[in-house]
Amino acid sequence: MQSIFQKLNRYFCVKWQLAVLDLNSGRWIISSSNKNIPYLKAENANGRHILLQPALSISPYYMMVDDLSITTIHLHHKYSDGAWKPGRMAVETSPENYQVWIHSNRSLPLDEKRHWLKKLCNDPGADPNNRWGRCPGFRNRKEKHRDSKNGYPMAKLIWIDWKYQADIPQYKSCHTARTNRIVPLSPQLLKGEVCLNKFISRSDYEKGDESKTDFSYALALARRNYPQSNIRNRLLTERTNWKSHNGIHKKDAYITRTIEKAIAIVQNS
C-alpha cells in the first residue's frame, strides 16, 4: 500500500487527500499520510469506501473520467499501438470498469471540464465539481459487487504517468458579454463576443510525410514559445501513425531530436 501511496504522491505532486465514505453517516476527509493506512484498511474492512481527490489548490489541473469500459479507454486514452497517452492514471474500480484521471498541463475551468468529459464518454451523472475517485489498493464495497464468498473486488492501479501531462486543446467557444453563455464558434463574431485565441493543431501543418509534418508543427509551436514538454505532448497526442518508430525508446529519441532541431532554428533565426 505504501508503494501505491508513493506513486499517488508523485502523480498529484504530494497534494492530494483521502476520504472515508459511509453511505449512512456521510464522508469525512483523511490526510494522505502513510500512518493512516491501517485506519483506512480497517474502515474499508468495515464496509466503508475509500476515496481520493487532488487538493483544492491543484484540482483545476486534474479531471476524472468515470465509468469506462476497456474499449473506451483504448479509444480515448491510448494510442493505436497500445501506449498510454500522457498524464493518465487508470484505476480498475471493479472488474472491467474503470476510472481514468487526466493531469492537464494547464488549468481547466469547470465548464471546460464538463465539455471534455462529455466528449470522453464520462458517466453523465458524474459532475467534475469536487469530484472524488476510488482509491486503488482498497476494496469496492458496493453491495452489487459482493461475490458468492462475501468478498469484494480490489480497486487496482492499472497505469500511472507522473512524468508527463496531457496537452488539452483550448475549448473553441465564445462568451457573449451580455448573457455570459457559451455559444458555438462562428466565422462572423457578433458584437459583444470575445473568442479564445486560435488553436493550432498538427493537421494544420500536414506535409504528406509524418516526419516533415512533425517538424513543421514542432517549429510552429517553438516559434510561439511553447515549452518543450508541451511540444512533446502535442506530438505524442496528435500523431496517430507510429509504425516507423516502434518502441518507447525509439519514439522518445525521435521526438527529442525533432524538438531540439526546431528550437535550434528558432534560437538562431
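The values are calculated or read from the model by the stated rules, or taken from the named source; none is laboratory data. A quick note: this is a predicted structure, and the numbers were derived from the prediction, not measured. Using ideal geometry, Cβ is built from the backbone for each residue, glycine included, and neighbour counts are taken over all protein chains shown. We work out accessible area using only protein heavy atoms, side chains counted, and drop any ligands, DNA or RNA first. Shrake-Rupley method; radii C 1.70, N 1.55, O 1.52, S 1.80 Å.
Filter the range 130-189 for residues that are at positive phi and more than 25 Å from the chain's Cα centre (by Cα); which is modelled with the lowest pLDDT?
Top of the filtered list is 180.
In the range 2-31, how many are part of a strand (DSSP E or B) and among the small types (Gly, Ala, Ser)?
Adding up the residues that qualify gives 3.
Regarding residue 92, is this residue charged (D, E, K, R) and buried (at least 16 other Cβ atoms within 10 Å of the Cβ)?
In short, yes.
Looking at 136, 169, can you tell me which residue is crowded, with 20+ Cβ neighbours inside 10 Å and assigned to a loop (DSSP other than H, G, I, E, B)?
136
Under 9 Å between Cβ atoms, which residue pairs at least 6 apart in sequence (or on different chains) link something in the range 218-230 that is without any contact (Cβ under 8 Å) to a residue 40 or more places away in the chain with a partner that is assigned to a helix (DSSP H, G or I) and charged (D, E, K, R)?
220/204; 226/234; 228/260
Considering the range 231-250 alone, what residues qualify as being open to solvent by less than 70 Å² (accessible area, probe 1.4 Å), without any contact (Cβ under 8 Å) to a residue 40 or more places away in the chain and not in a loop (DSSP other than H, G, I, E, B)?
Across the range 231-250, the qualifying residues are 231, 235, 238, 245.
Taking the residues in the range 118-165 that are in contact with a helix residue (DSSP H, G or I) (Cβ under 7 Å, 6 or more places away or on another chain) and among the hydroxyl-bearing types (Ser, Thr, Tyr) as candidates, determine which candidate is farthest from residue 236 (Cα to Cα).
This residue is 152.
When residue 79 is evaluated against the numbered criteria (1) within 18 Å of residue 120 (Cβ to Cβ); (2) among the hydroxyl-bearing types (Ser, Thr, Tyr); (3) at pLDDT 90 or above, which criterion, by number, is the only one it fails?
Of (1) within 18 Å of residue 120 (Cβ to Cβ); (2) among the hydroxyl-bearing types (Ser, Thr, Tyr); (3) at pLDDT 90 or above, only one is false for residue 79: (3).
In the range 43-62, is there at least one residue being open to solvent by 30 Å² or more (accessible area, probe 1.4 Å), modelled with pLDDT under 95, polar (S, T, N, Q) and touching a Phe, Trp or Tyr at 6+ places or on another chain (Cβ under 9 Å)?
Checked the range 43-62: no residue is open to solvent by 30 Å² or more (accessible area, probe 1.4 Å), modelled with pLDDT under 95, polar (S, T, N, Q) and touching a Phe, Trp or Tyr at 6+ places or on another chain (Cβ under 9 Å).
Out of all the residues in the range 1-26, which are surrounded by 15 or more Cβ atoms within 10 Å (Cβ to Cβ) and of a type in the set (Val, Ile, Thr)?
4, 20
Can you confirm whether residue 128 is surrounded by 14 or more Cβ atoms within 10 Å (Cβ to Cβ) and under 30 Å from residue 244 (Cα atoms)?
When the stated conditions are applied, residue 128 does not pass them.
Could we say that residue 213 is open to solvent by less than 40 Å² (accessible area, probe 1.4 Å) and hydroxyl-bearing (Ser, Thr, Tyr) here?
yes
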